[in-house]
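Before any comments, here is the structure.
Derivation of every value follows stated rules applied to the coordinates shown; laboratory data play no part. All figures in this text were calculated on a predicted structure; none of them were measured in a lab. Cβ placement follows ideal geometry from the backbone for every residue including glycine, while neighbour counts extend to all protein chains displayed.
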Amino acid sequence: MVKRKNFPLRIDPKLYEALETWSKDEFRSVNSHIEFLLRESLKKAGRMPKKEERNAEED
């Protein structure tokens, strides 16, 4: 099992509502959808460590 880092996130309520709607459409929790979006952004920017890329593909 992959160990996860916990941290508080302050977010604008309107932004959270939009994320909540989007995550429901994708059948994900808000937390997992945020992680998905961050991971995709890191890949697109070429900043995803290679080891993490392989682990994400296995999930």
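Listed by chain and number, the lysines whose C-alpha is less than 27 Å from the C-alpha of Lys14, apart from same-chain residues fewer than 8 away, are Lys5, Lys24, Lys43, Lys44.
Normalised by residue number, the volume inside the convex hull of the Cα atoms of the chain is 110 Å³ per residue. Within a straight-line Cα-Cα reach of under 16 Å, Lys51 can be paired with the following aspartates and glutamates, leaving aside sequence neighbours fewer than 8 residues apart in one chain: Glu40, Asp59.
About its Cα centre, the dipole of the chain is roughly 380 debye, where the only charges are +1 on Lys and Arg Cβ and -1 on Asp and Glu Cβ.
Annotation: extensible slack from Phe27 through Ile11 equals 3.6 nm (criterion: 0.36 nm per residue apart, minus Cα-Cα distance).
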